[in-house]
Amino acid sequence: MTREFFDMIYDNDILPFIQTVDHNNSLLDIKDMDQCKSDIYDRYCKLRKVYKDQIFDKTDEALLDRHKVASCICAAFLQVSVFNKQRMVQRIKETKVAVHSYFFYANELVALYAANRFLSFFMVMDYRGNFELQRDILEKFPLMPPSFKSKKGFWTSVLFNLASIKDEDVIGQEHFDIYAYAIIFFMLEIYYIEKRNLQLASA
Amino acid sequence: MKIKGLEEYLQDDADLSKKITYQEYEEKKAAPMNSDHRIEDAYAEYCAVLKQAEDKD
């Protein structure tokens, strides 16, 4: 994937989501998007290489599958925060009022969204010829957390885990589970398809 | 509506973690066009479907 191609996807498919999150919370500040975009692409390329070297022989031409690509995208976004949360964190400290996990984990949410969005491109391609399913993927994928303040539950655990990985600054090292997150993206895809099949069967 | 959890999937198929797409999981064979170098093709298909859906709306 060239830088220009990544930039196009970022501008068309990721930036609108970042702007939506930003518009819904006045205490979040978007960083310099051009710089973020450039840095995220650099990190993605580096992570892909590191990961390929870890799991394949260095001379092997094997390519990463789409869930690992999604995982590398997720990691790159974790390494380069698109939001500055300083004002929001300060407000939470002063008021002791919780904010939605959406906003508290805004950077992790964007990472999750971006990874799933990349994954959805491949899903759409897989079902070429089945327009109804392709359209359903466009409407329902990425699967994203509901709006909530609870600190429990699956989605909060995922976001919390991503935040922990981000804060520990061990992405790309042995502690960062690019592989584990690839499995999570795989499971999200299965979950989506199974759920759709069940809905069709019960209709 | 009951949705299977990870444990149930793994009970059904212990090799699940080795599979790389839903298609492969379902059909028990490798899925085509499943690597990072085909992302341009995948995105082109995605954009075409998006446009088709918008035109229909």
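Kindly list the number of the only condition in (1) part of a helix (DSSP H, G or I); (2) touching a Lys or Arg at 6+ places or on another chain (Cβ under 7 Å); (3) open to solvent by 40 Å² or more (accessible area, probe 1.4 Å) that fails for A:Q90. Single failed check for A:Q90: (2). Could you check the stretch A:19-50 and list, in sequence order, the residues that are charged (D, E, K, R) and either assigned to a loop (DSSP other than H, G, I, E, B) or in contact with a strand residue (DSSP E or B) (Cβ under 9 Å, 6 or more places away or on another chain) (or both)? Across the stretch A:19-50, the qualifying residues are A:D22, A:D29, A:K31, A:D32. Pairing residues of the stretch A:191-203 that are more than 10 Å from chain B (Cβ to nearest Cβ) with residues that are loosely packed, with under 15 Cβ neighbours inside 10 Å and modelled with pLDDT of 80 or more, at Cβ distances under 9 Å and at least 6 apart in sequence or on separate chains, gives A:R196/A:K140.
Of the numbered criteria (1) at pLDDT 85 or above; (2) open to solvent by less than 70 Å² (accessible area, probe 1.4 Å); (3) not charged (D, E, K, R), the one A:Q35 fails is (2).
Here is a yes/no grid of residues against (1) open to solvent by less than 20 Å² (accessible area, probe 1.4 Å); (2) modelled with pLDDT of 85 or more:
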position: A:L112; (1), (2): yes, yes
position: A:A115; (1), (2): yes, yes
position: A:F122; (1), (2): yes, yes
position: A:R128; (1), (2): no, yes
position: A:L143; (1), (2): no, no
position: A:S147; (1), (2): no, no
position: A:T156; (1), (2): yes, no
position: A:D177; (1), (2): no, no
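Counting only helices (runs of 4 or more DSSP H) that fall entirely inside the stretch A:100-143 and contain at least 1 residues that are within 13 Å of chain B (Cβ to nearest Cβ), the qualifying elements are A:106-126, A:131-140.
The values are calculated or read from the model by the stated rules, or taken from the named source; none is laboratory data. These numbers come from a predicted model, not from an experiment. FYI the Cβ positions are ideal-geometry reconstructions off the backbone, even for glycines, and counts take in every protein chain you see. Ligands, DNA and RNA are stripped out before the accessible areas are found, and what is left, the full protein with its side chains, is counted by its heavy atoms. Shrake-Rupley method; radii C 1.70, N 1.55, O 1.52, S 1.80 Å.
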